[in-house]
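Before any comments, here is the structure.
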Amino acid sequence: DLSLKGLIPLLTHCRQLKALEVHPAALGFDVSLLPADGSAVNPHITGKFVLHKAKASDVDPAAVFACLQAMFPNVTRVARSDAGYSDYAEYYDPYWEEKYEFEYADKWAQLEELFDTR
């Protein structure tokens with residue numbers, strides 16, 4: 001499973017990357033884990049950033065926003081991808097899907113609002 005944290009090596013070694021066609025899970029991490037030399041910052045990727053759905057109880061909108069802003073300072077909005085979500089067995093549970101979709105939608109709205117107000 002790919003997470004935002006999992007993009008650190010890619011960004012570190014591909015400094016001129018201009019497009020990213022992978023959709024990491026919407027899971028934040030402690031931004032102090034980013035290299036202090038700024039090698040995991042990519043100003044070339046702009047506009048919309050697509051994130052895969054993650055288990056709502058694991059999503060912290062402020063942490064996801066902080067990670068995206070630290071790694072991709074020119075990203076201006078986020079989009080949600082549910083495509084292939086059931087392939088992520090660790091996160092997918094049909095019962096949870098129905099029960100907690102509202103909670104996830106609320107957290108997603110919080111994340112979008114952080115981008116709107118920055």
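Heavy-atom surface analysis with a 1.4 Å probe gives the stretch 13-52 a carbon and sulfur content of 56 percent of its accessible area. Using C-alpha pairs under 8 Å with a sequence gap of at least 6, the mean separation divided by the residue count of the stretch 1-63 gives a relative contact order of 42 percent. Karplus-derived 3J(HN,Hα) values for the stretch 61-72, using 6.51 cos²θ - 1.76 cosθ + 1.60 with θ = phi - 60°, are x, 5, 5, 4, 4, 4, 5, 4, 5, 6, 8, 10 Hz; glycine and proline are entered as x.
For the residue pairs LYS18/LYS48; LYS18/LYS107; LYS18/LYS53, the alpha carbons lie more than 21 Å apart in LYS18/LYS107; LYS18/LYS53.
For the stretch 17-58, take the alpha-carbon Rg, divide it by the Kirkwood Rh, and send me Rg/Rh.
Value, to two decimals: 1.00.
The values are calculated or read from the model by the stated rules, or taken from the named source; none is laboratory data. A quick note: this is a predicted structure, and the numbers were derived from the prediction, not measured. Ligands, DNA and RNA are excluded from the accessible area calculation, which covers all protein heavy atoms including side chains. Shrake-Rupley method; radii C 1.70, N 1.55, O 1.52, S 1.80 Å.
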